[in-house]
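Okay, structure first, notes after.
The values are calculated or read from the model by the stated rules, or taken from the named source; none is laboratory data. If you're wondering where the values come from, they're calculated on a predicted model, not measured in any experiment. Neighbour counts run over all protein chains shown; Cβ positions are idealised from the backbone, glycine included.
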């Protein structure tokens, strides 16, 4: 499941024997859950994870994000070992929470990242209406421990950009996971003026187009 070179490197970083589970993951990385006797971690393997590593470093102290435990290159692939955030992601929690609560929590955490000061951000270009965006604002990328927000994950596409980048992913993910009507609830709760189902559909299709470009 995971080649010996990778296992040896992880055990060296953690100074412990590990248990490995393959994660079902939506992006272009191979992701593994790594367990020691008392801690959980995530291992990402992909051709290029340097930008994600750089972004996590920049975000450290600004927003709750996983900590970088180690980074290396093995067999021409980048390998990124991260701490695991406690709790469950919004895709899991939507089975426990009402749709309205899921929307409300998503709005809260997106407004938080959108409010980060970007004056020294090296990722993207500062423009009149640009903010810091997650880049793939789907439900699995936001983790809560009970009612407490644990943090953001999968930040390889984080950058300065237009709010619409996150609105597209959020609307698509809510419609896909919760059903029609929740994309509009999200836009209204966020405070988008003149939000309607026509805008929801435009944003949803825009994200589907992006996914095709990513080969997903």
(request) Kindly list the number of the only condition in (1) part of a loop (DSSP other than H, G, I, E, B); (2) in contact (Cβ under 8 Å) with a residue 12 or more places away in the chain; (3) out of contact with any strand residue (DSSP E or B) (no Cβ under 9 Å at 6 or more places or on another chain); (4) over 21 Å from residue 46 (Cβ atoms) that fails for residue 137. (result) (4)
(message) Restricting to the stretch 67-104, and then to whatever is part of a helix (DSSP H, G or I) and out of contact with any strand residue (DSSP E or B) (no Cβ under 7 Å at 6 or more places or on another chain), can you tell me which residue is nearest to residue 139 (Cα to Cα)?
(response) 91
(message) farther than 26 Å from residue 145 by Cβ, surrounded by 13 or more Cβ atoms within 10 Å (Cβ to Cβ) and in contact with a strand residue (DSSP E or B) (Cβ under 6 Å, 6 or more places away or on another chain): which single residue out of 49, 56, 43, 2 fits that description?
(response) 2
(request) Taking the options 125, 208, name whichever one is free of Cβ contacts under 8 Å to residues at least 60 places away in the same chain and closer than 26 Å to residue 62 by Cβ. (result) 125
(request) For residues that are over 14 Å from the mean Cα position of the chain (by Cα) and surrounded by 15 or more Cβ atoms within 10 Å (Cβ to Cβ), scanning just the stretch 84-103, find the one that is nearest to residue 40 (Cα to Cα). (result) 87
(request) Take residue 199 and decide whether it is outside any loop (DSSP other than H, G, I, E, B) and without any contact (Cβ under 8 Å) to a residue 24 or more places away in the chain. (result) yes
(request) Looking for whichever is loosely packed, with under 13 Cβ neighbours inside 10 Å and at pLDDT 95 or above here; the options are 161, 183, 179. Which one fits? (result) 179
